[in-house]
Every structure is written in C-alpha cells, then in structure tokens.
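Novice: This is the structure I have questions about; it appears just below.
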Amino acid sequence: MTLYFAHSENEVNEKHLLKDHLKSVSSLLCEFSKDLDLPLADEAYFCGQLHDLGKYADLFQARLRGEVSGLDHWSSGAWVALGNQSVASALAIQGHHIGLQKGSLDALRAMNLATLTTQHPLGLKLSDDDVNRLKSRLTSDNLTFSKPKKLIIEPDKGFQNPVAKMLDVRMLFSCLTDADFVDTEAHFDGDDQGKKYRKPGPPLNAKEALDVLDQFMGANIYGKIEADKTVLESRNLLWQMVNAASSAEPGLFTLTAPTGSGKTLAMLKFALEHAAKNKGIKRIILAVPFLSIIEQTAAIYKAVFKTFPENYVLEHHSLAGLGGEETKGDADFAAERARRLLAENWDAPIIITTNVQLLESLFSNRPSACRKLHNLMESVIMFDEAQTLPQHLAVPTLAALSHLSQTYRTTVLFATATQPAFNTLDGAVKKFVNTGWQPVELAPDHARLYDALRRYSVSWPMQDETKSWETLANEINNEEQVLCVVNLKSHATELLKEMKDVPDVLHLSTNLCALHRRVVLDDVRARLKAGSPCRLISTQCVEAGVDVDFPAVYRALAPLDAIAQAAGRCNREGRLTDDEGNRIMGKVRVFEPDVEGNYKKRYPTDAYFLATEVTRTMLINSGSIGLDLNNPAVFREYYQQLYNLSKPETQGKELVEAITEIDFVRVAKEYRLIDKKAIQILVPYKAFIEKFNELDRQQDQDGISAQWIRHAQGLSVSVFQPKVGHPAWEVLIPAKLRYGKGSSDEWYILEDHEGELYDDILGLCLPQAQQILIG
C-alpha cells in the first residue's frame with residue numbers, strides 16, 4: 001500500500017503521515033467548535049478532512065523529496081468543498097496557506113481547477129487537477145467526508161449581512177489554521193514516542209480567581225489607610241455595581257466610571273463574576289490602546305494572580321518578552337518559548353493585548369493573525385479606554401463585535417471615563433448585522449460616582465485668549481510637580497526649548513522609543529512618590545490610563561474626552577492636602593497655545609481638529625461657567641454633536657466597499673488602526689546602546705527577521721515616510737533583509753555618529769522632524 005505524507009522528516013527522521021494529519025486536524029477543529037450549536041461545528045470535520053487533499057498528489061510527494069517546487073496543494077480541496085456547497089470551507093481551505101481571498105461569485109468560479117491549470121493567479125502549478133484520483137486516495141486511507149448538514153454560508157442567502165458572514169468564515173478559518181499549526185508543530189517537535197503536542201494553557205477557574213481578587217482588594221486597596229475615604233467608598237460602590245450586573249447573560253455592555261474609581265480591577269471583577277455565573281466562559285481578554293499602559297495593567301493582574309500557574313496572565317504585544325525577560329539558560333528559554341506558543345493562539349485564561357492585535361485580527365485575512373479568533377468564542381472581551389476607537393472604523397467594528405457577542409456567546413465590554421455615544425450608531429450598525437449596537441451599562445448610577453470623585457477644579461481660557469510658550473514655561477516653572485499635555489510633538493519641543501534652563505523637566509512622546517518611555521514613566525512615578533520636583537511635558541500618550549498623579553495639570557485645548565483624560569491624572573488618589581492637612585482640590589488649567597500657521601495644522605489630524613472645534617463651541621456656549629468634566633451628560637452632548645458633524649457612518653468608504661465586495665484581502669488592507677504609511681527607525685538610546693549595537697550588527701550580517709523585529713520594537717520610533725529628497729534620508733540606513741535580496745522599505749537604522757539625532761530628553765531629532773513625525 002502506498003503511503004502518503006503531509007510533512008517531511010522531523011528530528012527523529014519520522015515523516016508525517018497524511019492520513020494522521022488529516023484525522024488530527026479534523027479532530028482539533030471539532031474540539032475547537034464543539035460547545036456551540038452552530039454551522040461552524042458542522043463544517044469543522046469536513047473542512048479538516050479536505051484541507052490538504054492536494055497532498056495526495058504524486059507531485060506533492062515529490063516536493064517533499066525536494067524534486068519539485070512551486071505547487072498549489074490547497075485548491076483541489078477548496079474546489080471539492082465548493083462542489084459540496086460549502087463556500088466557507090472552500091475559502092478557508094484555499095486561504096490556509098495564502099490567506100483568505102475573495103468571496104464574490106466571480107472569485108468562487110475562479111477556483112475551478114481547469115481555470116487554475118492554465119491561469120494560476122500566483123503562477124503556481126496544481127499538485128493534481130484530477131480530484132477524483134485524490135478523493136480515491138483519501139478513501140483508500142480510510143478517510144471519508146460528506147456534505148455538512150448546516151452551512152455557514154447558505155446558498156440562497158450568500159453573504160447577506162457581510163460583516164457577520166465574513167467573521168463566520170474567519171472563525172472557521174481560525175479553527176483550521178490553528179489546528180493545522182498545532183498538529184504540524186507537534187510532528188516537528190516529536191520524538192521516538194510520536195508527536196509531541198504543546199502543553200495547553202491553564203483553565204480559568206473563575207471562582208478560585210475571584211477569591212484571590214477579593215483578597216488582593218482587601219489587602220492592597222481597601223486596606224490602605226492613606227487612601228482618601230471618598231475614593232475608597234466610590235471604588236467600593238463601583239465594585240458593588242459591577243457585581244450586581246454580572247449575572248446577566250453574555251452580551252454587550254459599557255462601564256462608565258470616572259478616572260481613579262478603580263475601573264481596571266472592577267472590569268476584572270465583573271469578568272470573573274460573569275464567568276462564574278455563566279457556565280462555559282473560558283477566558284478573559286483585556287484590550288488597551290497604548291503600550292504605555294499595557295505593562296502597568298499586566299503588572300497589576302500578575303500581582304493579583306502571582307500564586308496561579310505560569311502564563312495564567314499572558315501578554316501579547318510588541319514589548320512582551322523584552323527587557324527583564326531576556327533568556328539566560330535552558331529553563332528561561334523553555335519558559336519564554338511556552339509563553340510565545342500560547343500567545344500565538346491566545347490559549348490562556350487571561351490575555352492582555354492591544355486594540356491593534358485584537359481588532360485588526362477580526363478583519364484580517366492572514367493565517368497567523370486569524371488563528372487566535374476561535375478563542376474569542378465564549379469569552380469576556382474588555383476594551384479599556386473605549387473612546388480611542390477611531391470614528392472611521394467605528395461602525396464595522398461595532399458590527400463585528402455585536403455579531404461575535406450574539407453568535408459566539410461572547411461578552412463585550414467598553415469601559416472608559418468618557419463613554420462615546422456609540423448607541424446612536426445602532427441604525428448604521430444594523431446595515432451590516434441584524435443585532436445592532438445597544439449595550440447595557442454596568443454602572444447605571446455612574447453620575448453618583450462622578451459627583452463623589454471631584455478631585456480637581458478646572459479653569460478654562462476666555463474666548464480668543466492664548467498663551468505663549470514663554471508664558472506657559474514660566475507658569476510651569478512655578479509648580480514643583482506638574483504635568484503639561486500638548487497636542488503635537490513639535491509643540492512639546494517648542495515648550496521644552498523655553499524650559500531648557502529649568503531643572504527636573506522630563507518629556508514623554510512617541511519621539512521616544514518604547515523602552516525610553518518606560519524609563520521616563522518609572523522616573524516620573526518615583527519622583528511623585530518621593531515628593532521630588534517633577535515637571536513633565538507630554539503629548540497625548542500620557543493620558544489614557546497611565547497611572548500618574550500630579551497636583552497640577554495643564555492641558556492645551558483639545559477634544560473634550562482628551563481634556564478629561566488629562567484631568568484624570570490630577571489628584572488621582574484624592575490625597576492632596578494643604579499645609580494644615582486638609583484635603584484640597586487639584587488644579588487643571590486648559591489653555592490655547594499662541595502658535596502661528598494654518599489653524600488645522602495645530603492638531604495632529606482633521607478628526608482631532610473637528611473634535612476640538614466641537615469642544616470650543618460648547619465652551620463658548622457654556623459662558624463663564626465652563627464645562628463640567630464630572631458630568632456624564634456633558635459628554636453625551638459632546639459625542640452627539642461630534643457625530644452629527646463627522647457622521648462616522650459615512651466614513652471609511654474604501655473599507656465598506658471592500659466588505660460589500662467580500663474582498664478579504666482589501667478589508668485587511670483598509671482596516672488599520674495605525675497608519676501604515678510609516679517607517680520604523682531603530683534608534684541608539686544610550687541606556688540600551690548595547691542592545692542597539694547588537695541589533696545593528698545582526699541586521700548588517702544576517703538581515704532582519706520576524707524575531708529581529710520583535711526585539712527591535714522597544715528601540716524603534718515610527719515616523720511618516722519622508723518625501724523623496726527629504727534631508728531625513730541622509731541619516732536613515734535601510735535594514736538588510738534576511739530572506740530575499742535587497743533592503744527593507746519599512747525598517748531603518750539611525751546613523752548618529754555625533755550622538756545628536758537621538759536626545760536623552762527630546763528623543764528622535766531628525767532634520768525637520770516636526771514635519772514628518774507621527775503626531
């Protein structure tokens with residue numbers, strides 16, 4: 001009997017039998033989808049059996065022997081799936097190596113093997129165009145398949161509600177790619193005892209985790225005698241509110257609570273209580289917008305669960321595994337490898353990640369990005385600082401999350417002190433999914449919290465009143481501990497120039513690489529705790545969720561939610577006192593900088609400018625009273641006015657068009673939280689100069705790889721790609737590519753022989769940097 005193989009020899013010279021691979025992948029697919037009564041479960045086994053049908057071809061077996069190359073082994077299985085009316089399986093099988101493609105009728109017809117034989121879009125050759133021969137060989141291996149009883153894409157309905165149906169396809173694709181990765185990895189990690197599967201992540205154990213969380217709160221939050229009584233009472237009230245709401249069925253929720261009210265742990269409390277009361281919820285996922293807050297949140301969660309198994313709390317972001325986690329021996333290497341493996345598919349009870357990782361995966365077409373999606377089923381997903389979701393992506397994002405919640409028994413929570421009025425977009429969301437967007441508020445009495453936690457007073461600028469950088473610098477110099485937040489990095493640079501002779505001035509912006517920002521924040525927190533002088537000049541990167549507590553905050557006029565976030569760094573713990581020990585209010589000063597040039601150019605984006613103008617209009621209409629940042633009704637009015645002007649439902653036309661055309665490739669390209677018209681610059685930050693030198697040496701000798709990029713993230717600064725002929729190109733050296741010829745068009749090394757282009761305070765100082773740096 002002829003033996004057919006899926007993969008070449010592993011380290012013990014064992015080839016991977018194709019029939020074993022198909023059985024294992026099919027079983028894993030069924031395991032991933034078994035708990036929900038959905039068409040996904042019906043298509044799972046069918047998809048797994050057919051995904052590598054083309055490997056039964058003689059040409060593919062020759063490829064394993066190194067005799068041929070350039071083969072397409074996936075299209076035969078996709079075509080058979082399509083012949084059984086399984087569009088979702090056909091797309092998943094077609095894409096499990098090359099990514100999801102298109103679901104239009106023309107694209108599906110183009111899967112015809114006769115067409116691919118003569119005109120393959122990738123210039124490849126089919127491993128075999130005779131599907132009957134391939135099916136016969138599969139049957140001879142005692143494998144069978146039959147048309148699924150329930151289909152993800154029903155023939156008579158097609159891709160109605162396209163966001164929902166495209167997500168359904170991605171879910172099947174996720175199950176298939178993850179099962180394929182896991183089984184292939186088990187083969188190559190195998191020994192003389194056979195395949196060796198990775199160790200799964202630990203279980204959630206929600207009730208046990210709740211006990212530990214309650215103990216942590218008692219010892220570290222409520223047990224702190226120095227904490228303000230009102231703050232403690234408000235945090236306890238929020239704790240009670242989320243606990244009361246946790247018995248609800250999985251669904252859509254918001255949590256609106258002021259800064260300093262303990263949202264970070266209150267969200268975790270809700271998620272664990274919710275999981276304990278809703279059988280089957282397997283994991284909790286926290287998504288945050290910025291790297292500047294992800295590490296502090298991870299540190300808190302890890303402190304809570306420090307006695308739990310390793311990787312109970314798993315970080316998945318560009319800085320995870322850097323810094324103090326450098327491997328020093330076999331045990332460290334094994335631990336770090338285990339963490340990375342679990343991060344690839346989010347196989348852990350608590351995941352802390354970024355909005356970019358989570359949301360872009362929901363709209364991705366790549367196997368590596370989509371393989372974790374099936375682990376969003378029966379989970380609690382929490383978005384901290386929900387106001388950071390870009391308007392042009394709001395409607396498709398809300399649609400995807402709504403469908404995820406309704407169909408896959410997933411709870412979605414949007415938490416922030418400045419809750420966007422996304423419920424006003426319900427009608428627009430319903431154009432993509434039937435379920436719309438009508439979340440339930442976990443803290444319905446949140447106005448009471450805002451009123452209790454008034455810890456600062458706000459002074460607003462008079463109409464047309466401006467401050468020069470010199471005047472502002474003098475005012476800041478009169479404060480011992482003060483935070484000043486401006487709208488542009490160029491503005492921060494101008495202000496810092498005015499303060500060049502002022503001691504104890506620090507700077508925080510994305511001109512600084514991530515490791516540099518980490519050092520600055522550590523220094524800031526140490527100074528604040530010690531009562532030492534600390535004058536921090538920052539851009540918006542300090543606002544959302546960064547745990548710092550200043551007695552005074554200055555904020556350039558900006559969108560109202562940004563002003564509120566900056567104010568949340570003022571007297572955060574409510575512990576500010578006068579000389580006699582009496583509690584006093586912190587002070588927040590909003591100012592309009594006196595700068596020349598185009599009015600819009602004073603702000604990082606057009607959307608930011610428009611939101612600032614809404615704030616300005618509301619401020620003028622409020623008269624001498626000003627705007628109350630502790631009144632949730634003010635923010636409802638702000639967002640309603642903003643949405644009436646910006647009309648989020650009409651934005652992102654290219655993305656909407658790609659969704660309508662069921663073009664997975666274009667959707668992935670258009671759905672971007674971060675502008676991809678940027679380059680990454682490796683910078684010689686002096687505190688990590690040895691790391692910089694080693695990375696520079698590696699790229700010069702070996703070229704850059706995925707691992708190199710991961711280690712380079714902490715020492716990189718993103719800038720908009722300069723125009724041709726810009727002086728910045730004179731100091732940027734393209735990184736060499738490891739695979740293929742030539743150099744990268746995305747990664748560059750900063751050539752700074754004089755040590756003037758990366759400053760210990762200002763960070764990156766490219767020629768005319770203020771014109772090209774990301775704001």
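The values are calculated or read from the model by the stated rules, or taken from the named source; none is laboratory data. Remember, it's a predicted structure, so these values are computed and weren't measured experimentally. We place every Cβ from the backbone using ideal geometry, glycine too, and count neighbours over all the protein chains shown. Heads up: the accessible areas ignore ligands, DNA and RNA and are worked out on the full protein's heavy atoms, side chains in. Shrake-Rupley method; radii C 1.70, N 1.55, O 1.52, S 1.80 Å.
Novice: Could you tell me which residue of the stretch 258-310 is surrounded by the most Cβ atoms within 10 Å (Cβ to Cβ), considering only residues that are of a type in the set (D, E) and under 23 Å from the mean Cα position of the chain (by Cα)?
Specialist: E295
Novice: Moving on to the next point. If you scan the stretch 61-113, which residues turn out to be without any contact (Cβ under 8 Å) to a residue 24 or more places away in the chain, open to solvent by less than 20 Å² (accessible area, probe 1.4 Å) and either under 17 Å from R133 (Cβ atoms) or not hydrophobic (A, V, I, L, M, F, W, C) (or both)?
Specialist: Within the stretch 61-113, A62 is the sole residue that qualifies.
Novice: Residues to consider are E730, E756; find the one that is at pLDDT 90 or above and either in a loop (DSSP other than H, G, I, E, B) or open to solvent by 90 Å² or more (accessible area, probe 1.4 Å) (or both).
Specialist: After applying the criteria, what remains is E730.
Novice: When you look at T139, is it β-branched (V, I, T) and in contact with a strand residue (DSSP E or B) (Cβ under 9 Å, 6 or more places away or on another chain), yes or no?
Specialist: no
Novice: Name the single residue that is farthest from the chain's Cα centre (by Cα) among those in the stretch 653-669 being of a type outside the set (V, I, T) and open to solvent by 60 Å² or more (accessible area, probe 1.4 Å).
Specialist: E661
Novice: Taking the condition open to solvent by less than 40 Å² (accessible area, probe 1.4 Å), in contact with a Leu (Cβ under 7 Å, 6 or more places away or on another chain), within 20 Å of I294 (Cα to Cα) and at pLDDT 90 or above, does L508 pass?
Specialist: So L508 fits the description; yes.
Residues are listed down the side, and each one gets a yes or a no for (1) loosely packed, with under 15 Cβ neighbours inside 10 Å; (2) not in a loop (DSSP other than H, G, I, E, B):
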{"site": "V524", "(1), (2)": "no, yes"}
{"site": "L528", "(1), (2)": "no, yes"}
{"site": "A566", "(1), (2)": "no, yes"}
{"site": "R572", "(1), (2)": "no, no"}
{"site": "E580", "(1), (2)": "yes, no"}
{"site": "F609", "(1), (2)": "no, yes"}
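Novice: Another question, then. Are any residues in the stretch 412-446 under 17 Å from the mean Cα position of the chain (by Cα) and among the polar types (S, T, N, Q), and if so, which ones?
Specialist: Within the stretch 412-446, T416 is the sole residue that qualifies.
Novice: Taking the condition among the small types (G, A, S) and within 18 Å of F173 (Cα to Cα), does G103 pass?
Specialist: yes
Novice: Looking only at the stretch 709-721, count every residue that is open to solvent by 10 Å² or more (accessible area, probe 1.4 Å) and not in a strand (DSSP E or B) and tell me the total.
Specialist: 5
Novice: Let me ask something else about it. Might you check whether a residue that is part of a loop (DSSP other than H, G, I, E, B), open to solvent by 30 Å² or more (accessible area, probe 1.4 Å), more than 30 Å from R235 (Cβ to Cβ) and in contact (Cβ under 8 Å) with a residue 12 or more places away in the chain occurs anywhere in the stretch 168-185?
Specialist: For the stretch 168-185, residues part of a loop (DSSP other than H, G, I, E, B), open to solvent by 30 Å² or more (accessible area, probe 1.4 Å), more than 30 Å from R235 (Cβ to Cβ) and in contact (Cβ under 8 Å) with a residue 12 or more places away in the chain: absent.
Novice: Mind listing whichever residues of the stretch 540-572 are under 14 Å from A492 (Cβ atoms) and within 23 Å of the chain's Cα centre (by Cα)?
Specialist: Listed by number, the residues that qualify are Q540, C541, V542, E543, A566.
Novice: When you look at F188, is it in contact (Cβ under 8 Å) with a residue 40 or more places away in the chain, open to solvent by 60 Å² or more (accessible area, probe 1.4 Å), under 17 Å from H21 (Cα atoms) and in contact with a helix residue (DSSP H, G or I) (Cβ under 9 Å, 6 or more places away or on another chain), yes or no?
Specialist: No: the conditions fail for F188.
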